[in-house]
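First comes the structure, then the notes that go with it.
Read-outs throughout are calculated quantities, based only on the coordinates presented, and are distinct from any laboratory measurement. Since the structure is predicted, the reported quantities are computational estimates derived from the model, not experimental observations. Here the Cβ positions follow ideal geometry from the backbone for every residue, glycine too, while neighbour counts run over all protein chains shown.
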Amino acid sequence: MDDGDEDRIVDFYRRTNILGESYIPMQGLRHTEIPTFMRAPFVTDLEQVDIGIIGIPYDGGLTFRTGARHGPREVRNQSSVMRSINVATGARPYEQARIADVGDVQFRNLFALEEAILDIERFYDAIAEAGVIPLGIGGDHSVTWPILKALAKRQNEPLALIHIDAHTDTWSEFTGSKYHHGAPFRLATEAGVIDPKRTIQIGIRGGQNFTDGLDYSRDKGMRVITIEEFEDLGWQAVAREAQRLVADRLVYLTFDIDGLDPAYASGTGTPEPGGITMREAQRLLREFRGLNFIGGDLVEVSPPFDPSGTTALNGATIAFEILCLLAEKIAK
């Protein structure tokens with residue numbers, strides 16, 4: 001990052017701060033002002049933004065325990081705890097990029113499944129057209145399908161994918177619909193949006209509702225790392241495998257909070273015991289530094305199932321780690 005880039009970032013935060021005292025928004029009092037993601041400024045002019053943090057308050061794709069529509073709001077609340085520096089990696093995202101909360105996806109028809117999916121795609125069309133790198137906060141995992149569709153349509157080849165989750169999310173139709181939180185990566189594969197041979201699924205375990213999801217992922221060439229293999233190999237070896245697989249391709253990172261063990265994330269739609277610890281998740285994500293990220297998301301936080309707020313806090317922490325990765329991509 002040269003002096004011109006630094007001046008541009010300083011000017012951005014000064015213009016979005018009415019007091020003009022500091023260009024790092026994290027330095028204000030945590031309990032004041034409207035809660036935004038990471039206490040970043042709320043901005044509607046996408047021309048000013050390098051990384052846009054987006055709320056996707058939608059859970060119409062859930063098959064069982066609803067509540068993830070409330071995830072973005074509670075992650076905003078808990079993200080007030082986040083800091084401006086990643087102590088482990090030295091990343092300083094607010095000095096490396098113009099980061100803003102750009103609001104929530106607005107739904108024209110929340111109760112029509114296919115229309116709601118199109119609303120997400122349209123929102124991300126505008127994000128991609130503006131050249132903004134998105135960090136989405138869901139919402140259930142069905143939201144990742146229209147996100148990938150919007151981002152990939154402007155590229156010359158399918159995207160690579162790093163997918164951290166308890167489930168493969170490559171299921172077939174469920175109760176007559178193919179648009180649900182267990183199917184986004186099957187849809188993306190069949191549409192040519194992601195390259196299954198450049199896709200890695202990490203932490204897979206538990207009671208998969210449909211064995212055809214596991215079979216589909218493997219048959220298409222996705223690298224499926226079960227939680228048992230994750231434990232046997234260790235997070236460093238798994239990270240190296242992801243780096244090897246993705247190489248220099250444009251890559252999207254999606255993190256389902258149920259990839260964590262329920263001890264760290266009880267507030268989710270489909271908790272699966274025996275999962276990744278928070279520390280393993282943080283260290284795994286940090287090993288992805290330098291990859292060619294096109295965006296990322298954190299999904300499936302469901303506050304009604306965790307009144308303590310711990311799931312949303314851990315979700316905000318994961319989102320901060322992803323934010324650092326995206327900011328370092330901007331600063332290259």
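Quick one: among V251, V81, V299, which has the greatest mean-square fluctuation in a GNM of the chain with alpha-carbon springs under 10 angstrom?
V81
Between rounded, prolate and oblate, where does the stretch 152-260 land on the alpha carbon gyration tensor, with a ≥ b ≥ c its root eigenvalues, rounded for a/c under 1.5, else prolate if a/b exceeds b/c?
oblate
Taking the Cβ of each residue in R289, R223 as the centre, tally the other Cβ atoms inside 10 Å and list the residues starting with the fewest.
R289, R223
Out of all DSSP beta bridges in the chain, what portion is antiparallel? Express it as a percent rounded to 5.
In the chain, DSSP labels about 5 percent of beta bridges as antiparallel.
For the stretch 269-332, what's the relative contact order in percent, using C-alpha pairs closer than 8 Å and at least 6 residues apart?
Computed value for the stretch 269-332: 44 percent relative contact order.
Under 12 Å from a point placed 7 Å out from the Cα of E157 along the Cα-to-Cβ direction: which residues of the stretch 219-258 have their backbone N that close?
246-251, by backbone N distance to the label point.
Arranged by the count of other C-beta atoms within 10 angstrom, fewest first, what order do I9, I34, I257, I318 take?
I34, I9, I318, I257
May I ask which residue of P303, Q282, G55 lies farthest towards the positive end of the charge dipole of the chain, with charges of +1 (Lys, Arg) and -1 (Asp, Glu) on Cβ and the Cα centre as origin?
Q282
Nearest 5 is fine: what % of DSSP beta bridges in the stretch 52-187 come out antiparallel, could you say?
Beta bridges within the stretch 52-187, antiparallel portion: roughly 10 percent.
How big is the Kirkwood radius of the stretch 52-164, worked out from every pair of different alpha carbons and given in Å to one decimal?
When all Cα pairs of the stretch 52-164 are included, the Kirkwood radius is 15.4 Å.
Quick one: order S302, S79, S308 by neighbouring beta-carbon count within 10 Å, fewest to most.
Listed from fewest to most nearby Cβ atoms, that is S308, S79, S302.
Which pairs in the list K220/K332; K178/K329; K197/K329 are over 27 Å apart, alpha-carbon to alpha-carbon?
Listed pairs above 27 Å: K220/K332; K178/K329.
Ignoring everything except DSSP H segments at least 4 long, calculate the 222 nm mean residue ellipticity for the chain; use -39,500 (n - 2.57) per segment, divide by total residues, nearest 500.
Theoretical 222 nm ellipticity from helices: -10500 deg cm²/dmol.
Suppose we flag GluC sites (Glu not before Pro) only when DSSP calls them loop and at most 15 other Cβ atoms lie within 10 Å. Which is the longest uninterrupted stretch of the chain?
With GluC sites (Glu not before Pro) excluded where exposed in loops, the chain gives 174-332 as its longest stretch.
Let's see if you can work this out: charge +1 on each Lys and Arg Cβ, -1 on each Asp and Glu Cβ, no other charges. What is the dipole magnitude of the chain about its Cα centre, in debye to the nearest 20?
Using Cβ point charges on Lys, Arg, Asp and Glu, the chain gives about 260 debye.
What's the extension gain from K178 to T32 if we count 0.36 nm per residue and subtract their Cα-Cα distance?
Value of the extension gain: 48.3 nm.
Tell me, what is the percent relative contact order of the chain, built from C-alpha pairs under 8 Å that lie six or more residues apart?
The normalised contact order for the chain reaches 21 percent.
Pick out, from T270, G221, Q243, the residue whose Cα sits farthest towards the positive end of the charge dipole of the stretch 201-332, with +1 on the Cβ of Lys and Arg and -1 on the Cβ of Asp and Glu.
Farthest towards the positive end: Q243.
State, to one decimal in nm, how far the label point of A237 lies from the label point of E114, with both points 7 Å from Cα in the Cβ direction.
In this crude label model, A237 to E114 measures out at 4.6 nm.
Bin width 5 Å, origin at 0, all Cα-Cα pairs of the stretch 213-269: what percent of pairs per bin?
It works out to 4, 14, 18, 26, 24, 11, 4, 0, in whole percents.
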